[in-house]
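Some notes on the structure that comes next.
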């Protein structure tokens with residue numbers, strides 16, 4: 001995601017929108033059975049995520065990023081809109097910019113974009129490089145999960161699949177070791193999970209208090225910052241993120257960031273064979 005966000009918030013968003021996939025059968029019955037242990041459920045999701053690389057590489061999607069900088073009263077100071085094509089190489093997302101603020105790229109911009117995409121594609125075609133990147137993302141996810149707890153769980157059925165619903169709260173017995181975990185400890189909200197795969201369906205969290213790291217010099221997050229992420233199951237069982245959005249006021253290091261809102265939507269996903277010839281469209285993502 002190419003948004004002008006502080007590094008702390010960007011890494012959180014990457015962690016939480018990392019999709020997980022699987023072809024497990026729906027566990028839609030047995031609604032009176034005990035809920036699965038939340039730690040085991042999250043480990044199931046992490047294990048499924050590691051199987052995602054080959055699944056993702058069959059998809060190419062259109063991604064639209066909108067970022068709005070405002071003043072403290074909500075007046076718009078600056079707005080950017082970027083449209084990208086997104087595909088995956090060994091589990092790493094690569095985006096090729098198509099337009100900015102409604103205008104197609106110039107010839108020179110297209111040349112530079114093609115060179116950048118080729119460089120990234122070659123880099124992550126090396127499995128060792130791709131594993132280093134995905135391992136880093138996995139560690140960020142695990143760090144976040146350590147600092148958070150799922151409570152008040154209950155089971156429901158959505159579109160014929162068993163879905164688990166939870167409240168998300170900080171883990172009161174956890175001592176944070178890094179910025180991601182400090183961030184997680186001030187966030188509360190709700191989430192829903194596909195029971196069969198452990199896939200995150202919907203996450204909506206908000207900071208319930210101000211957070212200052214290094215006296216506010218390293219990072220400063222204001223109360224009320226929120227993030228909403230939604231994943232969609234495709235017809236073949238692969239899960240893709242179709243929405244990530246949020247807003248708030250934050251600062252990182254000594255660089256002051258304004259109030260901002262962001263929204264990233266993913267649609268027009270096409271399914272390809274290994275030889276990259278189009279064979280059909282993915283299930284529509286709204």
Just subtract the alpha-carbon distance of residue 222 and residue 73 from 0.36 nm times their residue separation and send over the number in nm, one decimal. 52.2 nm
Quote the convex hull volume per residue of the range 126-242, based on C-alpha atoms, as a whole number of Å³. 143
Length gained if residue 116 through residue 188 is fully extended, taking 0.36 nm per residue and subtracting the Cα-Cα distance, is 22.1 nm
Which FRET efficiency value, to the nearest 0.05, do you get for residue 99 and residue 173 by plugging their Cβ-Cβ distance into 1/(1 + (r/R0)^6) with R0 = 51 Å? 0.60
Taking the number of other C-beta atoms within 10 Å as the exposure measure, put 267, 84, 249 in order starting with the fewest. 267, 249, 84
Please say if the range 52-168 is rounded, prolate or oblate, where rounded means a/c under 1.5 for a ≥ b ≥ c the square roots of the C-alpha gyration tensor eigenvalues, and otherwise the choice is prolate for a/b larger than b/c and oblate otherwise? oblate
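A short reminder: the numbers here are calculations on the coordinates, not readings from a lab. Quantities reported herein were computed from a predicted structural model and do not represent experimental measurements. Glycine gets a Cβ as well: all are built from the backbone with ideal geometry, and neighbour counts include every protein chain shown.
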